[in-house]
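The values are calculated or read from the model by the stated rules, or taken from the named source; none is laboratory data. As the structure is a prediction and not an experimental result, all values here were calculated from the model. Backbone-built Cβ (ideal geometry, glycine too); neighbour counts: all protein chains shown. These accessible areas exclude ligands, DNA and RNA; they are computed on the full protein's heavy atoms, side chains included. Shrake-Rupley method; radii C 1.70, N 1.55, O 1.52, S 1.80 Å.
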Amino acid sequence: MSVEMAELQKKNGIPPIQFGEEVSGAETLLRCLILEQVEYIFGYPGGAVLPIYDSLYGSYFKHILTRHEQGAIHAADGYARATGKPGVCIATSGPGATNLVTGIATAQMDSVPLVCITGNVAQSLIGTDAFQEANITGITIPITKHSYFVRDIRDLPRIVKEAFHIATTGRPGPVLIDIPKDVANEKAPFTYPDKVEIRGYRASLVPSDEQVQEFVKAVSEAKRPVILAGGGIIAAQAEKELRDFAEKTRIPVINTFMGLGGFPGTHELSLAMPGMHGNYTANQALLNADCVIGLGARFDDRITMGRTKEFAPKARIVHVDIDPAELGKNVETAVTVAGDVKSTLAKAIPLAKACDSEAWISQLKEWKEQYPYKYKKDGDVLKPQAVIELLYNSTDGEAIVTTDVGQHQMWTAQYYKFKHPRSFISSGGLGTMGFGFPAAIGAQIAHPDRTVISVVGDGGFQMTNQELAIVSQYNIPVKVAIVNNQCLGMVRQWQELFYDNRYSQIDLTCSPDFVKLAEAYGVKGLRASTPEEAEAVWAEALAHDGPVVVDFRVAQEENVYPMVASGNTLDQMELGDD
Amino acid sequence: MQQHTISVLVNDQPGVLTRVATLFGQRGFNIDSITVGGTEEQGLSRMIISTGGDDRQINQLMKQLHKLIDVISVTNLSENPFVSRELALIKVTASPSQLAELNGIVEPFRAAIVDVGPSSLIVQVTGDTEKIDALLVLLQNYGVIELTRTGSVAMARSIVPATAAATV
Ligand SMILES: Cc1ncc(C[n+]2csc(CCOP(=O)(O)OP(=O)(O)O)c2C)c(N)n1
């Protein structure tokens with residue numbers, strides 16, 4: 001056992017782990033989790049995981065009993081995104097396991113390291129359609145980085161070790177371990193491997209010097225270069241390298257939605273977010289650049305609009321990604337580097353020199369001044385964009401903000417300027433409603449001393465609002481900001497613009513009184529309907545030492561602009577009615 | 001669209017075939033044929049997969065395959081000379097009196113009659129796809145009652161040093 005491990009055990013009062021001691025599969029699992037330095041487990045018990053929950057009883061782990069397995073996995077996901085450490089969740093077999101599916105797919109799409117442990121029926125019952133049996137490894141094949149069905153307790157330590165390694169290295173992602181009940185009950189002498197050997201799995205990719213030279217050469221020739229910095233910057237902890245590289249080469253940086261916070265939104269070279277709801281300058285930069293440098297970004301169709309031929313039409317595309325399958329997947333590239341962005345940039349910085357880009361930078365600056373994000377103010381009517389501005393100004397951009405999915409999500413991405421990595425947490429790839437609130441719980445648990453704000457819609461909040469029980473029970477001081485437009489806003493926007501105002505099934509006027517709902521859980525509830533009320537109420541929320549739900553009653557018929565409609569290209573951008 | 005033969009070395013574990021097949025479905029590729037069997041090393045299986053696609057698509061497919069944790073190596077055999085064989089069993093309408101005549105047909109193909117019944121017989125043939133197709137055309141004149149054929153098994157020719165083969 002390592003020295004750190006022994007220290008950790010001493011610190012946390014964990015009895016020293018004896019190797020060779022006969023223990024059950026359940027106990028083996030928990031010992032492995034201790035050795036992986038896991039502290040928090042988000043989960044929900046049931047028949048097939050009773051042995052594991054029995055071992056948890058009185059153990060060192062801090063287990064958060066959510067009110068739904070979806071809450072557990074999104075909380076584990078929020079914890080992982082806020083820390084970079086793997087999130088861990090446990091669910092029982094059958095319905096417990098299938099309740100994890102949306103959360104697993106969410107983590108897979110956004111490359112979030114998770115270890116999901118499910119129980120299953122005893123092996124003697126597998127395949128018999130036994131009570132609460134589900135083939136969860138089969139169900140989740142397309143949405144996990146890897147998965148295991150444990151047949152023998154003697155394989156369990158190796159599997160757990162591999163699962164954490166796979167989840168956290170290379171392009172991170174969710175790994176599932178399905179443990180049948182007989183394995184959890186079986187006994188074997190405890191062991192834990194000290195290293196992982198997985199043939200054929202490449203965990204880290206340091207690019208060769210030649211590749212880096214080619215990369216630097218392509219970049220240095222550019223006169224109108226732009227960096228497209230994605231979630232890979234945050235996953236690789238490459239924010240410092242990115243900043244040094246951008247400043248040294250004088251290349252402006254566009255942050256993709258997943259990359260927000262990977263480069264300070266307040267920086268002189270920042271062009272913020274591109275794409276469907278991105279800003280004019282970022283999209284013009286892509287349309288006019290002679291070199292687009294993708295760093296840990298996957299050229300998603302919310303940026304290319306799926307029109308990859310018309311995307312960045314004047315540019316050579318240079319692409320660095322840890323996942324070789326991303327290179328050339330969506331767009332045609334001139335130079336590719338299969339490598340971790342951090343080590344690529346670290347090697348590139350000493351070789352790089354400033355580009356001849358000052359004319360380009362001043363052009364972009366002009367656009368930035370001419371076409372900022374903007375909306376029409378309207379007297380006493382509370383505008384949703386104003387709510388986000390209020391959140392930003394009141395926290396000086398220092399809070400961790402999670403969002404749900406919809407208009408409020410896009411407004412948050414637009415109006416809150418993220419300065420730090422891991423401070424913006426949102427379901428980008430899958431666009432999972434119900435994600436925001438439980439993710440905030442995970443983030444707040446990871447950072448008890450920081451302000452964590454969960455911006456949610458009145459629709460998505462109702463998908464997981466039962467987790468108010470958790471914030472109440474554990475006094476988790478998340479500030480929930482409901483941007484309440486009494487409808488499924490984003491759907492309403494599309495119906496207005498593309499379905500001739502035929503508002504089909506978007507009416508949420510029959511929702512609970514959110515203030516009373518919060519109070520029913522023992523959580524402080526507040527409401528605001530005008531800009532003045534919003535300021536006062538929000539100040540009260542921030543000052544309150546505990547969780548708060550604020551119901552911001554905002555204008556209903558507000559649209560997210562700018563907008564590039566589906567099927568259009570980035571140059572067909574609608575700036576909005578103002 | 002070009003035809004490609006991909007050789008995939010995988011851990012011999014339950015579920016690996018499902019993972020590979022799922023990947024094809026998920027990424028919109030078609031599997032024209034697939035064979036799986038043992039290898040020179042215990043614990044590993046080799047899959048030979050025939051699929052269609054342009055260079056970009058095949059490149060992407062190979063990279064995606066390589067991302068599967070149970071996949072150890074992926075080689076596009078079509079990039080270099082390779083040997084490929086299929087096996088087919090063909091049941092043909094024929095009486096024993098036609099045996100000699102049919103023998104005359106199958107012999108040039110180095111095929112064999114491996115079963116003779118009162119009104120049908122079974123021809124066994126190995127070879128590349130074209131050869132089997134050619135024999136089938138001839139046998140169709142007699143009436144093919146049943147046909148079963150494997151996908152290809154394939155291997156790079158020895159003249160290509162193993163390291164020169166494209167692997168990802
Ligand atoms: C689980 C799930 N179901 C459906 C959708 C489709 N969808 C995307 S945005 C949206 C409306 C969200 O409404 P609300 O939560 O009120 O937020 P708003 O857009 O009003 O800010 C819907 C239904 C989704 N993204 N996720």
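Summary table
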{"read-out": "The range B:44-84: number of residues that are at the interface with another protein chain (Cβ under 10 Å from one of its Cβ atoms) and more than 22 Å from A:Leu327 (Cβ to Cβ)", "value": "2"}
{"read-out": "Residues that are open to solvent by 10 Å² or more (accessible area, probe 1.4 Å) and within 17 Å of B:Gln64 (Cβ to Cβ), drawn from the range A:312-325", "value": "A:Asp321, A:Ile322, A:Pro324"}
{"read-out": "Odd one out for B:Glu41 among (1) within 14 Å of chain A (Cβ to nearest Cβ); (2) in contact (Cβ under 8 Å) with a residue 24 or more places away in the chain; (3) charged (D, E, K, R); (4) open to solvent by 20 Å² or more (accessible area, probe 1.4 Å)", "value": "(2)"}
{"read-out": "Test: A:Arg67 is in contact (Cβ under 8 Å) with a residue 24 or more places away in the chain and not in a helix (DSSP H, G or I)", "value": "yes"}
{"read-out": "Every pair of residues 6+ apart whose Cβ atoms lie under 6 Å, when the first sits in the range A:508-522 and is away from chain B (no Cβ under 14 Å) while the second is open to solvent by 50 Å² or more (accessible area, probe 1.4 Å) and away from the ligand (no atom under 15 Å from the Cβ)", "value": "A:Val515/A:Arg527"}
{"read-out": "Residue among A:Met490, A:Met563 that alone is surrounded by 14 or more Cβ atoms within 10 Å (Cβ to Cβ), under 30 Å from A:Ala272 (Cα atoms) and in contact with a helix residue (DSSP H, G or I) (Cβ under 6 Å, 6 or more places away or on another chain)", "value": "A:Met490"}
{"read-out": "Of residues in the range A:199-214 being open to solvent by less than 30 Å² (accessible area, probe 1.4 Å) and over 12 Å from A:Ser343 (Cβ atoms), the one farthest from the other protein chains (Cβ to nearest Cβ)", "value": "A:Ala203"}
{"read-out": "Some residue of the range A:351-367 being open to solvent by 10 Å² or more (accessible area, probe 1.4 Å), within 16 Å of the ligand (Cβ to nearest atom) and not small (Gly, Ala, Ser)", "value": "no"}
{"read-out": "Pick from the range A:497-509, criterion part of a loop (DSSP other than H, G, I, E, B) and more than 13 Å from the ligand (Cβ to nearest atom), ranking: surrounded by the most Cβ atoms within 10 Å (Cβ to Cβ)", "value": "A:Tyr499"}
{"read-out": "Count of residues meeting criterion [without any contact (Cβ under 8 Å) to a residue 40 or more places away in the chain and under 20 Å from A:Leu56 (Cα atoms)] in the range A:142-188", "value": "1"}
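Conditions tested, residue by residue: (1) open to solvent by 40 Å² or more (accessible area, probe 1.4 Å); (2) modelled with pLDDT under 95; (3) among the small types (Gly, Ala, Ser); (4) assigned to a strand (DSSP E or B).
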| position | (1), (2), (3), (4) |
| --- | --- |
| B:Gly28 | yes, yes, yes, no |
| B:Ser45 | no, no, yes, yes |
| B:Arg56 | yes, yes, no, no |
| B:Ile69 | no, no, no, no |
| B:Leu89 | yes, no, no, yes |
| B:Glu107 | yes, no, no, no |
| B:Asp115 | yes, no, no, yes |
